[in-house]
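First up is the structure itself, then whatever we jot down about it.
The values are calculated or read from the model by the stated rules, or taken from the named source; none is laboratory data. These numbers come from a predicted model, not from an experiment. Here the Cβ positions follow ideal geometry from the backbone for every residue, glycine too, while neighbour counts run over all protein chains shown.
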Amino acid sequence: MAADGKELAAGGVVIAKLPAKWVAYSHTLFAYSAFFSALVVGCLTQYEKIVRNEYYGYPDEWFPSVSATTGDRYPARAIFQIFIALTSGPRFMLVFLWYLYITRKAQRTASTGFAKFLLFVGWVRTVSCGGWVYITSTDDHNTHDIAMILYLLCTLPWMLGTLSTSSNRERTSLRWRRWLCGAFFTSLVPMIYFFIQHKVHRVPGAYTHYAFFEWALILYDVAFDAVTALEFQSFELAVVDVSQSTRGLGASFRNVMEDNVSPSTVRLFSEARAFLVDSYLAFVFWSMLTSLALLIWYFPLWHMGISGYEAFLLVTISPVLLGIKQLRYLIRKHRGVFHLLSLVGVASYMVKDPAGRLATTALGIALSLLTWTGLWVEDRDKAGKLEREVLVWGLGLLAHCLIKFGWQTLNPIWPIMDRSNGGWNDAGLMLGVVCCIELLLRDASTNRSEKLFDRSSQPISKPAVSESWFQAACGFGAVLFVLHSMYTDSSTIMRWTVDGYPNYGPSPVPWGVVTILALGIGMLLSGNRSLALSWAWFGVGSAACAVFYFSSAWTAYYAGLILGAYFMSITPHIIRSVVGHPPGKTLFTAMMIYNVLCLAHVWVVAYEFVPGGVYARERTNWILASIMLLTAAGINTAAKASIHYKATQLNLIKSARAFTRFGIFIIIIFSALVAILRGTNAKAPVPHFPEHKAFTAGIWTIHFGLDDNMLASEKRMRDVIRDLRLDVVGVLESDTMRIIMGNRETAQFIAEDLGYYIDYGPSSMKHTWGCLMLSKFPIIKSTHHLLPSPVGELACAIHATLDVFGQPVDFIVSHNGQEENPLDREMQTTELARIMRESPNPFVFLGYVVTKPFGPLYHTLFDDGKMNDIDPTDDFDRWCEYIGYRGLNRIGYARVSHGDITDTEIQTGLFQVVDRPQDWWKAQHERIDESQVPAQIRYPDMFKGQGVRGHRYHVFDAPKYFKPEPPKTNQ
């Protein structure tokens, strides 16, 4: 292949030769032909269609974007795709030739490892180009965007990598590359600016300016690769007939490979593969750990009290078995087998019986926890191994946060997921099996294993006498609890501190990226022992914890970021300390502390349902204070251990830290990609009936989003909310940002998929079961209330003012206390009536009152609150949910069955905003036939009769419609 003919020395006949520069020429010719022929043909045949965007057309917009030109219309799209197909061959050849150039011709300006990395980037970049070219946004918007963003992400390392490996002898090509690379990235800034002007501010003509810079990127991108023609002047492609000497071909190929592949490169790729495999198994651990309490919660949820299944939490004390030395040896020697056995927790989704699924998951997490802690204990005398395993374990947590961020707080391999609700359980299980097989093969050769992991390991001496095993256990129990309870989802600390509008606080998109970034920074800081274990840094963490508790919204979120970085930074040192002591009693104590904290975390809100719960009522401050005290104990003994370890001059594996940094970088990049996709794909809130100034409001108690079969019900909830065309919906029992609910949020998926504004309601640190509101109308302001609850559980309420077709309309979403506490319910209802009575705006009440119609609390709510019951004739089994209104025309009312998603029906009301605000009056409730209501705003027919997906109109089997009343004065 080289010009000097070295490859031909072994035999064979040259049939044809082609200068390698023609590969660059053909790539440039086909690429430019693809784009510019499509531009010409598109403008000649579909001009006004391709310049039109979602907001404006000609003459406001007069130049088409690249995507509109190449992907939307025939025949331009067909011409473009044909030429791009012709470009693919030269493109792949150009990438491979550049690899050969920098490893042979450019006097090895780059290491072979970096050359292979650049080869891989070029290959991915080429394939992703095919992704957005042949899958248009019309075909599959998500796939198109992912491929486009991946292409742009690969362009950065490709251009910079090509620049760094260009030969200094080719000064002309280097100068052109620098200029084109600078022009490319400089053009991104105004392009993004004009895109924001178009997309957010909807400025006429902004998309045309955006298109100019988009086309400029095409020019620079193709021209950058066209410069290779200058560097390939001395390269030739030769077709050789080796039929008479197959040895010649083999020798040629072997010479090339032996010249370019070194043992260090092989080792690098082996370590990278091993690190990736172990990180996935760490992700599986966090997936199972976070699902255990979620499955346990299902049973007391339906029993309305302690069920006995809570005992499964104690499977987390499985590390007590590590007191058996022989077991520790088996785990280290056969870790692949133990990881494989633990995958039973991932496979538990196959068990349909809820109790059986819980037991299977519990077995999986017990084995996984035993395996990870067993490896730490066995490797406590090898600094390199232990450092690597702890970093991998932490990286698994970040991967777990990333996956949940992509799945809108759900984990696709949780046992509450399956194919019906978006689960990827089978893929997750198979990938886990593949990883375990790789681990088994890796460990099959002891020599290879030692080379892979022990190159930088040095022994760690036994703990000093001054070190305390109990303090070490306290530290690890606290750290594990904090990471689990607060940082296994990127939006948890946001929902723990959310406030009312307009000071609502950060939204999960895009701020989830910042949460993951903070955790990654904490991992990087862990390498600095003097900082991580210093009392000054502990003081920063303690101050952040205090601010997190006493503040709200943005201030509390920032404090939560610092707190997360702090705990991630101390995690490796706390683990190194805890495994340096007798494992049986130390890890048993640590896991019991973790379990007690988990129970306390639940009891602060579930105090009504547990013995002695009154002492834990609303004591999150006690939990946070206990965490910091326990952490201080762990730091105290870990700091002593650190001083002792420092004397041994630990030489940690550099590759492990390098892979960790790279892994964090990749996770941050993908989290940013997820944020972009979620942000661009989220639908804008648009009311259903703007032409009639009508809206449908609903109230539903969702039982924390777990259906009767212990499956996540977000998709089924989405479907019924969509089909009922609810513009405003109050969702009760919605606070799922706790360990027992998996730190997930039902509203994110529904709001983004259907287009709603969210008010999450009182934060998780307000100790309620939660109420949230989804609205198609902008939220002007909102106040979160904790209703009076001197005896029983806290009752929450949202009082929000919405901009409903230009008219301020007030809404209340509330969840009153239990039947067992009449004083609480009386005080709560009185407070709700006061809020409604004092509001000057039209009002809608959507609440859970726990009273029968026409009882004392009923009259307190509606009469004292100057509200109308949506249908006072409905007295059949209407015990909890009620809808009230004032100052609006009531059009319809319907009750819809829950469809096994929960145990509570959906109640909805159809209202119309009148031309001028009306004072309160007593409605007449005159019924009318459905035919008298405009067809566009009638309730959907699909819920009549047997309904759909288990949802149907019930009680009175059809919606009720009412005659609108003219404005009246106060009565």
Inset, instruction - Out of the residues in segment 650-660 that are modelled with pLDDT under 90 and not in a loop (DSSP other than H, G, I, E, B), state the one that is surrounded by the most Cβ atoms within 10 Å (Cβ to Cβ). - result: PHE659
Inset, instruction - Kindly check whether there is at least one residue in segment 147-165 that is over 25 Å from ALA216 (Cβ atoms) and either under 25 Å from the mean Cα position of the chain (by Cα) or at pLDDT 80 or above (or both). - result: no
Legend entry - Residue count for segment 591-616, restricted to those that are among the hydroxyl-bearing types (Ser, Thr, Tyr) and surrounded by fewer than 17 Cβ atoms within 10 Å (Cβ to Cβ): 1
Legend entry - Residue tally, condition closer than 25 Å to LYS21 by Cα, surrounded by 16 or more Cβ atoms within 10 Å (Cβ to Cβ), of a type outside the set (A, V, I, L, M, F, W, C) and modelled with pLDDT of 80 or more, over segment 172-224: 2
Legend entry - Which listed residue is part of a loop (DSSP other than H, G, I, E, B) and among the aliphatic types (A, V, I, L, M), from ILE901, ILE891: ILE901
Legend entry - Test: residue in segment 323-344 that is farther than 24 Å from ALA427 by Cα, at pLDDT below 95 and among the small types (Gly, Ala, Ser): yes
Inset, instruction - Scan segment 613-630 for residues that are at pLDDT below 90, within 20 Å of TRP297 (Cβ to Cβ) and in a helix (DSSP H, G or I) and jot them down. - result: GLY613
Legend entry - Complete set of residues in segment 200-217 that are within 32 Å of the chain's Cα centre (by Cα), of a type outside the set (Val, Ile, Thr) and either part of a loop (DSSP other than H, G, I, E, B) or not assigned by TED's automatic domain parsing to the domain that holds SER65 (or both): HIS201, ARG202
Inset, instruction - Would you mention how many residues in segment 828-840 are part of a helix (DSSP H, G or I), surrounded by fewer than 19 Cβ atoms within 10 Å (Cβ to Cβ) and not acidic (Asp, Glu)? - result: 3
Legend entry - Filter result for the condition that a residue is in contact with a Pro (Cβ under 8 Å, 6 or more places away or on another chain), outside the structural domain of GLY560 (by TED's automatic domain parsing) and within 20 Å of ASN816 (Cα to Cα), over GLY770, GLY755: GLY770
Inset, instruction - Kindly indicate the residue of segment 256-293 that is among the hydroxyl-bearing types (Ser, Thr, Tyr) and more than 29 Å from the chain's Cα centre (by Cα) and also modelled with the highest pLDDT among those meeting that condition. - result: SER270
Legend entry - Residue count for segment 526-542, restricted to those that are of a type outside the set (S, T, N, Q), within 25 Å of ILE668 (Cα to Cα) and modelled with pLDDT under 95: 4
Legend entry - Output for segment 519-544, where each listed residue is surrounded by fewer than 23 Cβ atoms within 10 Å (Cβ to Cβ) and farther than 22 Å from ALA641 by Cβ: ILE521, ALA543, ALA544
Inset, instruction - Quickly run through segment 319-331 and pick out the residues that are crowded, with 17+ Cβ neighbours inside 10 Å and either among the small types (Gly, Ala, Ser) or under 17 Å from LEU439 (Cβ atoms) (or both). - result: ILE331
Legend entry - Where GLY698 falls short, out of the listed (1) in contact (Cβ under 8 Å) with a residue 40 or more places away in the chain; (2) of a type outside the set (A, V, I, L, M); (3) within 26 Å of GLN936 (Cβ to Cβ); (4) surrounded by fewer than 24 Cβ atoms within 10 Å (Cβ to Cβ): (4)
Inset, instruction - Take segment 214-223 and flag every residue that is over 15 Å from VAL51 (Cα atoms) and of a type outside the set (Gly, Ala, Ser). - result: LEU217, ILE218, LEU219, TYR220, ASP221, VAL222
Legend entry - Failed item in (1) more than 26 Å from the chain's Cα centre (by Cα); (2) more than 20 Å from ILE739 (Cα to Cα); (3) surrounded by fewer than 24 Cβ atoms within 10 Å (Cβ to Cβ), with ALA355 passing the rest: (2)
